[in-house]
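Here the structure comes first, spelled out in structure tokens, and everything after it is commentary.
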Amino acid sequence: MYTLIVVLHVIVSVALILVILLQTGKGSDIGAVFGGGSSQTLFGSTGPTSFLSKLTAGAAIVSNPHAGIEQWFEPGSELLVVEDADAAVETYHSLLDDPGQAATMGAHARERVLDEHTYAHRAQQLLDLVGLGRPATTHA
């Protein structure tokens, strides 16, 4: 039984890695959330700091639209979504003029990531999917 669980875990892990790494497109898929971006590289065009890493750091995020982003975060409260470069520049100026808004947004985003988007949460989801779920533990 233990061997079966280990083999299943390895298969699921490899499948998840392949799904994330092999996605292509213009940054509008789940791979972009983990750093893929529109450059079609694992680390995106801006280096190895991923979207989730920036949110975890408490940074105010200005993002282009991503399909499904509202499923994971609340635009307007935890991050700002802009349609084009002019809107991005205007939004950056607004955040620079109001550091309190930027800090509040960054704190809300960090709280969401730590409450819902950690490795422990993903591991729990995998366990639930294979019927081995048990209550997730969180570290304070």
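The values are calculated or read from the model by the stated rules, or taken from the named source; none is laboratory data. Everything numeric in this text was worked out from a predicted model, so none of it was measured. Backbone-built Cβ (ideal geometry, glycine too); neighbour counts: all protein chains shown.
When the residues of region 93-118 are filtered to those that are of a type outside the set (D, E, K, R) and not in a helix (DSSP H, G or I), the one that is farthest from SER63 (Cα to Cα) is THR118.
In this structure, does GLY100 turn out to be of a type in the set (Gly, Ala, Ser), on the phi > 0 side of the Ramachandran plot and over 14 Å from the mean Cα position of the chain (by Cα)?
Values: of a type in the set (Gly, Ala, Ser): yes; on the phi > 0 side of the Ramachandran plot: no; over 14 Å from the mean Cα position of the chain (by Cα): yes.
Against the criterion (of a type in the set (Gly, Ala, Ser), on the phi > 0 side of the Ramachandran plot and over 14 Å from the mean Cα position of the chain (by Cα)), GLY100 does not qualify.
Of the set (1) in a helix (DSSP H, G or I); (2) modelled with pLDDT of 80 or more, all apply to VAL19 but (2).
Restricting attention to region 82-100, report how many residues are touching a strand residue (DSSP E or B) at 6+ places or on another chain (Cβ under 8 Å) and over 16 Å from HIS66 (Cα atoms).
3
Which residue out of GLU90, GLU83 is modelled with pLDDT of 85 or more and part of a loop (DSSP other than H, G, I, E, B)?
On the way: GLU90 fails: part of a loop (DSSP other than H, G, I, E, B).
Among GLU90, GLU83, only GLU83 is modelled with pLDDT of 85 or more and part of a loop (DSSP other than H, G, I, E, B).
Return yes when GLU78 is among the acidic types (Asp, Glu), at pLDDT 80 or above and touching a helix residue (DSSP H, G or I) at 6+ places or on another chain (Cβ under 6 Å) and no when it is not. Don't jump to the end; show me each part of the working.
Details: among the acidic types (Asp, Glu): yes; at pLDDT 80 or above: yes; touching a helix residue (DSSP H, G or I) at 6+ places or on another chain (Cβ under 6 Å): yes.
Judged against the criteria, GLU78 is a match.
Per-residue answers, yes or no, for (1) of a type outside the set (Val, Ile, Thr); (2) without any contact (Cβ under 8 Å) to a residue 24 or more places away in the chain; (3) loosely packed, with under 12 Cβ neighbours inside 10 Å:
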| residue | (1), (2), (3) |
| --- | --- |
| HIS66 | yes, no, no |
| TRP72 | yes, no, no |
| GLY76 | yes, yes, yes |
| LEU79 | yes, no, no |
| GLU83 | yes, yes, yes |
| ASP86 | yes, yes, yes |
| THR91 | no, no, no |
| SER94 | yes, yes, no |
| GLN101 | yes, no, no |
